[in-house]
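Before any comments, here is the structure.
Rule-based calculations on the coordinates, nothing more; no lab input. In this text the structure is predicted, and so the values were computed from the model without any measurement. Quick reminder, even Gly has a Cβ in these numbers, built from the backbone with ideal geometry, and neighbours come from all protein chains shown.
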Amino acid sequence: MTEFEKAVMGIYEKRTVAPAVPKRFECEECKDSGEVLVMIDGHDVSKRCKCYKIRQARRLMERSGISQEFQKKRFDNFDTKNISQLEMAKRKAIQYVSAFEQCEHDRKNSIMFSGQVGSGKTHLGTAISSSLMNKGIAVVYMAYRDAVTKIKQHVTNEEQYSREINMYSKARVLYIDDLLKGRLTETDVNIM
């Protein structure tokens, strides 16, 4: 063995290997794969994990450009500025999240915030979405102007149009940001 080989062997012998840190998964059930095996009629069958729709909704939120806001805007950092209307809006938003699963299938299961630019509508909507997703409820984010423009672009392509519409119409929770912001056309009304 040459001196070089002895030196290399010495390095390997002295090297300590840190114990492997177990990988943490967001979803322990599917190990973040989105698929789980279930037994059906004696056969293992792959099916989508319950986390799949939530992950899909998060990806949509990230693609929407709101992902940084999504992570930062929570109820605990919503500043009401001691304004009674903002305090009431925050309280209603928190109540909505708490009662969502009881009112989800009722006709009156929506919440809407209206007000001046900068009053916190998006903050509260994002806080609601984040809280619901933390409870395992999938939320689809719709930037109103962008979505309506995209839907209009596909109105003559039935397959693409249906895909766009279905993404929103089949959502368990649809978070529409800046609804009716800007000039409203008859087509916009028909799409909604």
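On a straight-distance basis, which lysines could pair with K170 in a cross-link, Cα separation under 22 angstrom, same-chain partners fewer than 8 positions away excluded?
In chain and number order, the partners are K47, K50, K53, K108, K135, K150, K152.
Kindly identify the range 125-186 as rounded, prolate or oblate by the Cα gyration tensor criterion: order the square roots of the eigenvalues as a ≥ b ≥ c, call it rounded if a/c is under 1.5, otherwise compare a/b with b/c, prolate if a/b is larger, else oblate.
It comes out oblate by the Cα gyration axes.
Can you give the percent of C-alpha pairs in the range 91-162 whose distance is more than 15 Å?
65 percent
How much length is gained on full extension from I165 to V38, taking 0.36 nm per residue of separation minus their Cα-Cα distance?
Here the segment from I165 to V38 would lengthen by 42.6 nm.
Most exposed first by the Cβ proxy, i.e. fewest other Cβ within 10 Å, how do D146, D44 rank?
D44, D146
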